[in-house]
Amino acid sequence: MNAASQILVGIDFSPSSRNALLTTLRLAKARKAKVTALHVMDPDLAGAIKAAHGFSETSLHAFMIERLRAFLDAPDAAVEHLTFEFDIGPDFVTLIHWCNKLKAELLVLGSRGRTHTTHQIGAIAARCARQAPADVLLVREDTKHPFRHIVACVDFSETSAKAVRHAAEVADIEGGNLDCLFINQTALAMSLDYAGYLPAVEIPDTTSTEHWKGELERFREPLIPAPVAPRAKGVVLERVNVRDAIYEHINTTGADLVVLGTRGVTNLRTLVMGTTAERIITNSPCSVLAVKPEGYEFQAH
């Protein structure tokens, strides 16, 4: 994130989208990145509002821009690099269009969905996390302070290295602690999970927790800047279920942001996301930063 960076924030006037905007401004201010706050209106609703109030296309646009400014309700000093935009169209397609138009590096959305399932995010937010051409930050409604404890999920892939770099950058801006978390799925853990019904196995040294702690240190050390290093550590958990282990660590540490890489093939219109990443993004108990592979592109039609 730097002065040339573009961040797009989707605004639907919900409390979680306001937190998304305030969180974005806080992160962007530290790097002087440019922020665009965008509200997308359904075409049928736009037509009904224009008919009811006698708005033209231009007057509806001006009305909604003023609503966006009032919605922010923040000191002028916080909006130096902020612009407001209003567009009419299908939510997902229009958000993708603006991501591509701005060449946004980050798309920020509130995570709250329309259902009442605990922690479950909205359908548009989930789809953007999977397919948007930018990294996607989903901010929970109860996020009202800087991120104090960040968890970066590691699987030693290039995308998880990118996730660690992004997590370290947020930790640097916010002054938070950073855990680089690797889940070691060993045969021992699986035998314990099956209550001892599996036969005893001899575990090679390459699968031991101590081995992976060393691998994790070598992986994360060059990715974390010096100012963050004293507040960063590697964590290896020996578990069977990766998703449950990540949830466990989030809940045990009180983490308020989890950063993870998504799998994919570049230059395709679909992102093949791993099952674990999909479930964590959809049901995370904290805010989520979903990091896309380098070179990933998506065009919505």
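Determine which single condition Val40 fails, assuming it passes every other condition in (1) touching a residue at least 60 places away in the same chain (Cβ under 8 Å); (2) surrounded by 18 or more Cβ atoms within 10 Å (Cβ to Cβ).
So Val40 meets the others, but not (1).
Report the residue count in region 165-180 for those that are in contact with a Cys (Cβ under 9 Å, 6 or more places away or on another chain) and surrounded by fewer than 23 Cβ atoms within 10 Å (Cβ to Cβ).
0
Could you tell me which of the residues Val79, Val108 is at pLDDT 95 or above and of a type outside the set (D, E, K, R)?
Numbers: Val79 fails: at pLDDT 95 or above.
The unique qualifying residue is Val108.
Report those strands (runs of 3 or more DSSP E) wholly inside region 1-110 carrying at least 2 residues which are farther than 20 Å from Glu169 by Cβ and outside the structural domain of Val259 (by TED's automatic domain parsing). First the steps, then the outcome.
Numbers: elements: 6-10, 34-41, 82-88, 106-110.
Qualifying strands (runs of 3 or more DSSP E): 34-41, 82-88.
When the residues of region 228-250 are filtered to those that are assigned to a helix (DSSP H, G or I) and among the aliphatic types (A, V, I, L, M), which remaining residue is nearest to Ala161 (Cα to Cα)?
Of the residues in region 228-250, the ones assigned to a helix (DSSP H, G or I) are 229-231, 242-250.
Retained after the next criterion (residues that are among the aliphatic types (A, V, I, L, M)): 229, 242, 245-246, 250.
Values: Ala229: 15, Val242: 18, Ala245: 20, Ile246: 17, Ile250: 20 Å.
So the residue we want is Ala229.
The values are calculated or read from the model by the stated rules, or taken from the named source; none is laboratory data. Everything numeric in this text was worked out from a predicted model, so none of it was measured. Using ideal geometry, Cβ is built from the backbone for each residue, glycine included, and neighbour counts are taken over all protein chains shown.
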